[in-house]
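The values are calculated or read from the model by the stated rules, or taken from the named source; none is laboratory data. Because the structure is predicted, anything quoted here is derived from the model rather than measured. Note that we place each Cβ from the backbone using ideal geometry, even for glycine, and neighbour counts take in every protein chain shown.
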Amino acid sequence: MSFTGALTAIVTPFSNGRIDEDALRRLVETQIQAGIDGLVPCGTTGESPTLSHAEHAEVVAKVVEATKGRVPVLAGAGSNCTREAIDLARACREAGASGTLQITPYYNKPTQEGLVAHFTAIADAVDLPMVLYNVPGRTGVDLRPETVARLARHPNIVGIKEATGDMTRVPELRRSCGPDFSILSGDDATVLPLLACGGDGVISVTANVVPGRMARLCAAARRGDLETARRLHDEHLPLTRALFAVTNPVPVKAVLAMLGRIEDELRLPLVPLDEDHPVRSRLRELVVELGLATATTPA
């Protein structure tokens, strides 16, 4: 399976410290009705570091159940412990996920050879499509394009979420990994350049708020309509910047709470924005500007 278009890195809604299953189902339905191309539960945006293994499997299973096969579910299953990543990937497969998203091991900072060994071990152990995830700003380790090319030879490794912001990597990855290898942006602010350079889509935080616009942006770019793609990109770029002005997913949960879709609840060590925080004020302005709410809507 290949993963293309706009996939939402969906938040995990909480209520009184527990997963809010009803809110999660509503979020999934809203995303699908808006035309999103896929869902990615239990990533960074889904607060995966604070989920127990049982909760992790529960969230993936609930998202799979709610999608009813209408869009692929690429489940986050990464860890800096290879054995744990294998266990999580197996749980995601049992839950019915379409594939897993595997982040580079963080903190222990493996070498390139270590990265090859880590991802190969997971791909060998779990017969499920895998998308690699490279985000050096969070993990402290960079998955180099030449290493990705080696990993792309494995039949279960089908793509990469590239979040370095380095557009020179896209044609290099395309050339070395082939036309069927999915290259997805992990940085909403640079999704348009990545698509223009030959990428296939995005795993998006912004799509939690504007899934239809992000899906249309990707579709326009892929059919060569860069004028439409540029217009959509420019329209929601201020929102994207605001959503990353404070650690993700703090701002995106604030917006979804403003829109009445979830409670503004995170798990420690993350905390909600203060009511008078300038980012919260800016987000209120943007939901009105984008026509998502009116100036009289409680926020």
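A few comments on the model shown:
- Scope the range 34-71; condition out of contact with any strand residue (DSSP E or B) (no Cβ under 6 Å at 6 or more places or on another chain) and farther than 20 Å from E94 by Cβ; matching residues: A34, G35, T44, T45, E47, P49, T50, R70
Condition check ((1) over 18 Å from S185 (Cα atoms); (2) touching an Asp or Glu at 6+ places or on another chain (Cβ under 6 Å); (3) modelled with pLDDT of 95 or more) across all residues:
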position	(1), (2), (3)
T228	yes, no, yes
L239	no, no, yes
F244	no, no, yes
H277	yes, no, yes
L290	yes, no, no
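- Residue, surrounded by the most Cβ atoms within 10 Å (Cβ to Cβ), within the range 167-178, restricted to residues that are basic (K, R) and touching a residue at least 12 places away in the same chain (Cβ under 8 Å): R169
- For the range 171-199, a tally of residues being assigned to a helix (DSSP H, G or I) and under 16 Å from F3 (Cα atoms) returns 6.
- Meets criteria (hydrophobic (A, V, I, L, M, F, W, C), in contact (Cβ under 8 Å) with a residue 40 or more places away in the chain and out of contact with any helix residue (DSSP H, G or I) (no Cβ under 9 Å at 6 or more places or on another chain)) for L24: no
- Helices (runs of 4 or more DSSP H) enclosed by the range 91-166 - at least 1 residues per element that are small (G, A, S), modelled with pLDDT of 95 or more and surrounded by fewer than 22 Cβ atoms within 10 Å (Cβ to Cβ): 112-125, 145-151
- Subset of the range 1-38 [closer than 21 Å to A220 by Cβ, outside any loop (DSSP other than H, G, I, E, B) and of a type in the set (A, V, I, L, M)]: A6, L7, I32
Per-residue answers, yes or no, for (1) more than 20 Å from the chain's Cα centre (by Cα); (2) under 22 Å from A242 (Cα atoms):
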{"residue": "E146", "(1), (2)": "yes, no"}
{"residue": "A152", "(1), (2)": "yes, no"}
{"residue": "A163", "(1), (2)": "no, yes"}
{"residue": "D166", "(1), (2)": "no, yes"}
{"residue": "R169", "(1), (2)": "no, no"}
{"residue": "R174", "(1), (2)": "yes, no"}
{"residue": "S182", "(1), (2)": "no, no"}
{"residue": "D188", "(1), (2)": "no, yes"}
